Amino acid sequence: MRQIFTVRFIRFGLVGMLGMLIDFGVTWACKEQLKVNKYIANTIGFIIAVCSNYSFNRLWTFQSTDNHIGVQFTKFVIVSLTGLGINNLLLFLLIKNTKHNFYLSKLLVTGVVVFWNYFANLIYTFR
């Protein structure tokens, strides 16, 4: 059981890194190239990453065979939206109170939200 947990967490981390690249890339493109508001750009990047993360986590990390994909995706989105709320709140607080660089703050916040997302998905979405 411990080995399964370790393998899943590593896979979740790898999927998360891919999602982070997607998230950061889309956020950067929206914010810097398209001049979208930084919080809206952050949300757009997040949404696109959520869709790819669900697919990879369902198939590879948790190897889910649940036929109720719509219900499962809805649960994944609920967990992800909660994570987005945590993400944006912490991002706002870091930028407002510490004047950290936006992308450094986003990286720090992402590290915190990873743990929320993993355990919430393990317990709620893919149980």
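The values are calculated or read from the model by the stated rules, or taken from the named source; none is laboratory data. Just so it is clear, the model here is predicted, and its values are computed rather than measured. Here the Cβ is made from the backbone with ideal geometry for all residues, glycine too, and neighbour counts use every protein chain on show.
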Inset, instruction - For residues that are free of Cβ contacts under 8 Å to residues at least 60 places away in the same chain and hydroxyl-bearing (S, T, Y), scanning just segment 62-75, find the one that is nearest to T27 (Cα to Cα). - result: T74
Legend entry - Filter result (surrounded by 16 or more Cβ atoms within 10 Å (Cβ to Cβ) and of a type in the set (A, V, I, L, M, F, W, C)) within segment 10-25: F12, V15, M20, I22, F24
Legend entry - Residues of segment 45-61 satisfying the condition of being farther than 15 Å from N117 by Cα and among the aliphatic types (A, V, I, L, M): I48, L59
Inset, instruction - Check whether at least one residue in segment 93-100 is within 14 Å of the chain's Cα centre (by Cα), modelled with pLDDT under 90, of a type outside the set (D, E, K, R) and under 22 Å from M17 (Cβ atoms), and report yes or no. - result: no
Inset, instruction - Write out, first by first residue and then by second, each pair whose Cβ atoms fall under 7 Å of each other, whose residues are 6+ apart or on separate chains, and whose first residue, in segment 76-94, is within 13 Å of I47 (Cβ to Cβ) while the second is of a type in the set (A, V, I, L, M). - result: V77/V50; S80/V50; G83/V113; N87/V109; N87/V113
